[in-house]
Amino acid sequence: QSGVVTYDEGYGNTGSCESKITFIDGEKGILRYRGYPIEEIAENSNFVEAAYLTIYGELPKADELRNYSRRILRGASIHEGMKNLFNGFPTNAHPMVILSALLNTLGSYYPELATNDRQKDLDNFDDAAATLISKVRTVAAMSYRMKHGLPFIYPKPKLSYCANFLHMMFSEPYNDYVLHDDVVNALDLIFLLHADHEQNCSTSTVRMVASGGANLFASVSAGVCALWGPLHGGANMAVVKMLQDIHASGDDGTDFIEKAKTGETRLMGFGHRVYKNYDPRAKILGEAAERVFAALNINDPLLDIARRLETKAREDDYFVSRNLYPNVDFYSGIILQAIGLPLDMFTVIFAIGRMPGWIANWKELAESGARIHRPRQIYQGSTQRPYVKMEAR
Ligand code: SDX
């Protein structure tokens, strides 16, 4: 058929489908970062170490992790000039809009890290990567503070990665946010479980933009835009809104399930393009949800509804026959709500967690010497036809 090309022909030998970062077996529910099973990483590691592993390919030795943590800590503040940028956004601006804009603008404040000269950008990669891992938290927290008319809170040198984020989000100039280990650990686990996930919509976007020679800041900024979609990273917000609507309607989930089966609505947080058995991250987060709720002594009806939806869906042929099981977003939203994060920040949390994966994929593509991604198409428009003058139309 004329005009029909295969994916490879369209991409050419860009190596866009080859990667050494993350392995997924959708049938068996397997997810590994650089060969290490996600269950073992979740059990033994933390987000900063998982970020190092995802980006550099090996678990860090003690001194490597110490130096990496210090580099991230030192980079936590942003250029004072960037504070003015927040004044230009209306308070109804979505935090993902602000995040995408500010991450790209970081390249203007640190131009030596964002030259669009591939070799220079690779030479400065370590600084650019640590800058993004560190500052994405600060920009995220500042967007929340700006939207609520609150003063910006500066990072503290003694706090861990997640503790500093919560501090910048919720402390006040006159008193510090009280950090609970269970809350800090739950957030760290959510970041860790989101660190990378093969060629998902946003990561593929980062690689597409990077293939044109764009710097790391511009590439991850594009990834933020792709992640915002409700079918992708926006699903964690959509899950909580779905559960809140079910709860408000007095339905125990039965009516909602029937509506999802007719296509009238979707069971947000269910289904996955790759996992056709279960999403191992959902399993880990489902267990974490129980721990967090018990530790914080929370009895949230939304968790009960979530459990009921999961049980009902597992017994319903519509979902079973379509391999629709909970994905990472199904429980992450409930936990984020339990630890007090505002709904419109949920996808921002996903972006902070996914930053190491986007950075690792940018590095892998940049080092591969891949050609620019240029997918071809299957043309289905008009065949050739002569121009028609206005008087003859
Ligand atoms: C993430 O790619 C990644 O790795 C993504 C991610 C990552 O870490 O980066 O894992 C993160 O994006 C997780 C997914 C979050 N999105 C949601 O939870 C939104 C709800 N889920 C769906 O929209 C859907 O399941 C997708 C988008 C996740 C997957 O879509 P697919 O594989 O393209 O499936 P499809 O849309 O072709 O649906 C196949 C069938 C259809 O029914 P039929 O036409 O066969 O009758 O399944 C049905 C769909 O109607 N279906 C659902 C459903 N998801 C699919 N029906 C009800 N509820 C759902 N959630």
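The values are calculated or read from the model by the stated rules, or taken from the named source; none is laboratory data. This structure is a prediction, so every number in the text was calculated from the model and none was measured. Ideal geometry is used to build each Cβ from the backbone, glycine not excepted, and the neighbour counts take in all protein chains shown. For accessibility, only protein heavy atoms count, side chains too; no ligands or nucleic acids. Shrake-Rupley method; radii C 1.70, N 1.55, O 1.52, S 1.80 Å.
Suppose the filter is touching a residue at least 60 places away in the same chain (Cβ under 8 Å) and more than 16 Å from the ligand (Cβ to nearest atom); does A295 pass it? Answer is yes for this residue. Count of the stretch 353-393 residues, restricted to those that are in a helix (DSSP H, G or I), among the aliphatic types (A, V, I, L, M) and in contact with a helix residue (DSSP H, G or I) (Cβ under 7 Å, 6 or more places away or on another chain), is 5.
For the stretch 365-393, enumerate the residues that are aliphatic (A, V, I, L, M) and in contact (Cβ under 8 Å) with a residue 60 or more places away in the chain. Selection gives L365, A366, A370, I372, I378. Scanning the stretch 199-228 for residues that are among the aliphatic types (A, V, I, L, M) and either away from the ligand (no atom under 11 Å from the Cβ) or surrounded by fewer than 22 Cβ atoms within 10 Å (Cβ to Cβ) (or both) returns V206, M208, V209, A210, A214, L216, A218, V220, A222, V224, A226. Using the structure shown, decide if A76 is open to solvent by less than 10 Å² (accessible area, probe 1.4 Å), small (G, A, S), touching a residue at least 24 places away in the same chain (Cβ under 8 Å) and over 30 Å from E287 (Cα atoms). Here the answer is yes, as A76 does meet what is asked.
So that you can scan it fast, the table gives a plain yes or no per residue for (1) among the aromatic types (F, W, Y); (2) open to solvent by less than 10 Å² (accessible area, probe 1.4 Å); (3) assigned to a loop (DSSP other than H, G, I, E, B); (4) without any contact (Cβ under 8 Å) to a residue 40 or more places away in the chain:
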residue: P230; (1), (2), (3), (4): no, no, yes, yes
residue: M237; (1), (2), (3), (4): no, no, no, no
residue: D245; (1), (2), (3), (4): no, no, no, yes
residue: H272; (1), (2), (3), (4): no, no, yes, no
residue: Y275; (1), (2), (3), (4): yes, yes, yes, no
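Yes or no: the stretch 105-115 includes at least one residue that is among the small types (G, A, S), in a helix (DSSP H, G or I), more than 19 Å from A351 (Cβ to Cβ) and away from the ligand (no atom under 16 Å from the Cβ). Checked the stretch 105-115: at least one residue is among the small types (G, A, S), in a helix (DSSP H, G or I), more than 19 Å from A351 (Cβ to Cβ) and away from the ligand (no atom under 16 Å from the Cβ). Go through the residues of the stretch 310-332 one by one and say whether even a single one is within 14 Å of the ligand (Cβ to nearest atom), within 27 Å of C162 (Cα to Cα), among the β-branched types (V, I, T) and outside any loop (DSSP other than H, G, I, E, B). There is at least one residue in the stretch 310-332 that is within 14 Å of the ligand (Cβ to nearest atom), within 27 Å of C162 (Cα to Cα), among the β-branched types (V, I, T) and outside any loop (DSSP other than H, G, I, E, B). Checked against (1) within 11 Å of the ligand (Cβ to nearest atom); (2) open to solvent by 10 Å² or more (accessible area, probe 1.4 Å); (3) modelled with pLDDT of 95 or more; (4) of a type outside the set (S, T, Y), L189 passes all but a single condition, namely (1).
Can you say whether D196 is of a type in the set (D, E), more than 16 Å from the ligand (Cβ to nearest atom), more than 16 Å from V97 (Cα to Cα) and in contact with a helix residue (DSSP H, G or I) (Cβ under 6 Å, 6 or more places away or on another chain), as far as the supplied structure shows? Criteria not met by D196.
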